[in-house]
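Everything below concerns the one structure shown next.
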Amino acid sequence: MTFAERVKELMTDKKASQKDLARSANITEAAVSQYLNSDRVPRMDVVVSFARFFGVSADYLLGLSKEEVASFDQLRLVMARNASKLTPEQKNELIKALLGK
């Protein structure tokens, strides 16, 4: 499955419009349309924004993983590597997310 196919599938599942996706990534609807038609390859920051919007891993969107979400071990490693870069507010948001609040 291609990037465009995965994004379209996720848009259908989430009932999201191209406008919603464009807003979440701070890009134009025209750019989203080009990504969905495979006329343009997204920058990495756009892939990450889309992944966050859908709550999936960037690897999943890129077809590098069949799993929509990263495994706990992968997440733990990323958090450990980047914990010192988080602000106190971001740390609190992370804790809330992990606790499901």
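Values in this text are rule-based calculations from the coordinates and carry no lab data. The structure presented is a predicted model; accordingly, all values stated were derived computationally and were not measured. Backbone-built Cβ (ideal geometry, glycine too); neighbour counts: all protein chains shown.
Would you work out which of LEU36, MET1, VAL56 lies farthest towards the positive end of the dipole of the chain, given +1 charges on the beta-carbon of Lys and Arg and -1 on that of Asp and Glu, about the Cα centre? The Cα lying farthest towards the positive end belongs to VAL56.
So how do VAL7, VAL47, VAL41 line up by other beta-carbon neighbours within 10 Å, fewest first?
Numbers: VAL7 24, VAL47 19, VAL41 10.
Lowest to highest Cβ neighbour count: VAL41, VAL47, VAL7.
Overall, the chain carries a charge dipole of about 300 debye about its Cα centre when +1 sits on the Cβ of Lys and Arg and -1 on the Cβ of Asp and Glu, all other atoms neutral. Estimated from helices alone, the mean residue ellipticity of the chain at 222 nm is -19000 deg cm²/dmol (sum of -39500 (n - 2.57) over DSSP H runs with n ≥ 4, per residue).
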